[in-house]
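Could you have a look at this structure, given as structure tokens, before my questions?
FYI, it's all coordinate maths here, none of it is from the lab. Note that this is a predicted model, so its numbers are computed, not measured. Ideal geometry is used to build each Cβ from the backbone, glycine not excepted, and the neighbour counts take in all protein chains shown.
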Amino acid sequence: MPTPSEDTRLSLEPRLGEHAGTAWPQLERLNVRHRGAFAYVEAELADGERVS
């Protein structure tokens, strides 16, 4: 299975963060981790609740 390039991996988090800030202002933070060809995104709300 092919994996995304390093440039793609590095650009994903800022791009998602920009979109999330516009679409979901209640999100405090996004956590992105990569494993192989997949990216796992977890959002954290202001009250500390985490959403995967």
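Go through region 16-25 and give me each residue that's loosely packed, with under 12 Cβ neighbours inside 10 Å and assigned to a helix (DSSP H, G or I).
18, 19, 21, 22, 23
Given (1) touching a residue at least 24 places away in the same chain (Cβ under 8 Å); (2) in contact with a helix residue (DSSP H, G or I) (Cβ under 7 Å, 6 or more places away or on another chain); (3) among the aliphatic types (A, V, I, L, M), where does residue 27 come up short, assuming only one miss?
Here residue 27 meets the rest and fails (1).
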